[in-house]
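**Q** Just passing along the structure, written as structure tokens.
The values are calculated or read from the model by the stated rules, or taken from the named source; none is laboratory data. Because the structure is predicted, anything quoted here is derived from the model rather than measured. Heads up, the Cβs are rebuilt from the backbone with ideal geometry, glycines too, and the neighbour counts pull from every protein chain shown. Areas reflect the complete protein model, heavy atoms only, side chains present, ligands, DNA and RNA absent. Shrake-Rupley method; radii C 1.70, N 1.55, O 1.52, S 1.80 Å.
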Amino acid sequence: QVQLVESGGGLVQPGGSLRLSCAASGSMVSIYNMGWYRQAPGKQRELVARIFSGGSRNYADSVKDRFSISRDNAKNTVYLQMNSLKPEDTAVYYCNAIFMGGSSWGQGTQVTVSS
């Protein structure tokens, strides 16, 4: 099993930046990939970005060129650097890990983009 804890959310003005962190613990060897999802009020949870064990990444079209996912294997942590934030990026952001036998979710961290 893998446990995930997110941090780094908050209130930011349009055009600003935030960096989210997701610290993983447990059976790290079995993780295939990790990603960030978000869910805005009244909307379905959607994929924002994912990083695979080989290092490849993919992004939602709405965040390409603004967001960047990375990982620090020594710290068992995945990051989401969010730049040029827009009000429509407001949502609860969740970390997800897919591993042998299942998947895990973090508790979520709120990101609010507002002036």
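**Q** List the aspartates and glutamates whose Cα lies under 16 Å from the Cα of K64, skipping any in the same chain that are fewer than 8 positions away.
**A** K64 reaches E46, E88, D89.
**Q** On the accessible surface of the chain, probed at 1.4 Å, how many percent belong to carbon and sulfur atoms?
**A** Ligands and nucleic acids excluded, carbon and sulfur reach 49 percent.
**Q** May I ask you to evaluate 6.51 cos²θ - 1.76 cosθ + 1.60, the Karplus curve with θ = phi - 60°, for each residue of segment 45-50 and list the ³J(HN,Hα) values in order in whole Hz, giving x for glycine and proline?
**A** These are the phi-based 3J(HN,Hα) values: 5, 10, 6, 9, 7, 9 Hz.
**Q** On a 1.4 Å probe surface of the protein chains, which of M82, M100 comes out largest in accessible area, and what is the full order?
**A** The ordering from most to least exposed comes out as M100, M82.
**Q** May I pose another question? Can you list residues from other chains, or at least 5 along the same chain, whose modelled amide H is less than 5 Å from the amide H of V48?
**A** W36, Y37, R38
**Q** Same structure, new question: Evaluate segment 1-69: find the radius of gyration of its Cα atoms, find its Kirkwood radius, and give the ratio Rg to Rh.
**A** Taking Rg over the Kirkwood Rh, I get 0.98.
**Q** Let me ask something additional. Assuming a viscosity of 0.890 mPa s and a temperature of 25 °C, what translational diffusion coefficient in µm² per second does Stokes-Einstein assign to the chain, Rh being the Kirkwood radius over Cα pairs?
**A** Calculated translational D: 174 µm²/s.
**Q** How would you order 44-57, 13-26 from highest to lowest mean count of nearby Cβ atoms within 10 Å?
**A** So the order, starting with the most tightly packed, is 13-26, 44-57.
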